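Bear in mind that the values in this text are calculations on the coordinates, not laboratory data. Since the model is a prediction, treat every value here as computed from it, not as a measurement. Neighbour counts are summed over all protein chains in view; Cβ atoms, including those assigned to glycine, are modelled from backbone coordinates with ideal geometry.
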Amino acid sequence: MFMTDRKRIPTNLITGFLGVGKTSAIRHLISQKPAGERWAVLVNEFGEVGIDGALIESAGSDNVAVTEIAGGCFCCSSDSPIEFSLMELIRQTNPDRVVIEPTGLGHPAKVLDTLRGPWFRGIVDLRATICLADPADYANPAVTNVNVFQDQLHMADVVVVNKLDRTSPDRLREFLTFLNGMFPPKAQVLTTTGGRIDRSLLDTDISPERTALFPDAHPARPKPEVTATSASETVRVSDRPLISMLIPGHPVRKESRLSDRAACGWIFSPLDTFRQISLFELFSGSLDVHRLKGVFNVGSEWILYNRVGGELTYESIPYRRDSRLEVILDQPDFDWNQFEALLLQCLKTR
């Protein structure tokens, strides 16, 4: 292997269900990165429009390289993109640490097996797997009955209970009792808000006894079927690259379908600006959303909108590339034309 002449690279997996705050946690970890270190971050997103990677890039720290794998879970993809993507990221950046963020629907078992396997033996030094968790998910049978959710908790060395500010004392107490009763016991169980975790957690002792309760919960699957639509044409993503020049008022739309979920993303021209209040009204509306995340140019600043279930939050961010949105629904099909029409109505007129 090309890196046998150097020390193995400390590598961490940051897991957690959709909307739990993984990206915020990684951004907070990056803010604590020692000045002389280079970090590499590999981000997997369920939808076709990468947003988490862009947010991590805008965290404002030097010597951080980010690579995205969009369109389904790399933990179950039949063409195994994680091996090639991670190896190329390491080769290009020669990092001092690697952080991997699977999609919230991803099972950690294959990723951990890959990191322990022949591809990366002698290259990576697998450190703590950290799982971000929301007590509201533990209180929701629609989530707790998902085998992937259970294994994300079970295979973590450290569980960080996030969104403490939105959790009742009784719900928190019940969840902590459950986590502290797991076997093998967790190295640490902590609570926080806003994904604020300390960098020292990355080097927490790990346990080789952690194995999947449901190893077949996420069998190998082909990449989801994807269609991309531009202002003038509809193309198969696999046929040729998407248009490189974005036309103001005419976003590129990428739809994907996999299993029981539909996802759709939009990328707008950097010249498009939006009415902030109109976006808030649209995103807090009646659409039955599992996950919604978008960054938008509203003229005076750029705003991150983040909705998990029925809860919508927003904040100003330093990101400045283009406006983009990803929506994931708990249903296999959806007519996105009407939603796109409402989204376009949020544009400011010149």
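Odds and ends about this structure:
- Note on the range 78-118 and the range 282-328: Cα centroid distance 28 Å, given to the nearest whole angstrom.
- Highest to lowest packing among 338-345, 267-274, 15-22, scored as the average C-beta count within 10 Å: 15-22, 267-274, 338-345
- Gain upon complete extension [residue 113, residue 96; 0.36 nm per residue less C-alpha separation]: 4.0 nm
- Per-residue Cβ neighbour rank within 10 angstrom, fewest leading, 324, 166: 166, 324
- Three-way shape label, the range 101-228, alpha-carbon gyration tensor, a/c 1.5: oblate
- Note on residue 145 and residue 316: with the Förster distance fixed at 45 Å, the Cβ-Cβ geometry gives a FRET efficiency of about 0.75.
- Straightening the chain between residue 211 and residue 338 buys 41.3 nm, computed as 0.36 nm per residue apart minus the Cα-Cα spacing.
- Protection proxy ranking for 308-319, 146-157, using the average of other Cβ atoms within 10 Å per residue and placing the highest first: 146-157, 308-319.
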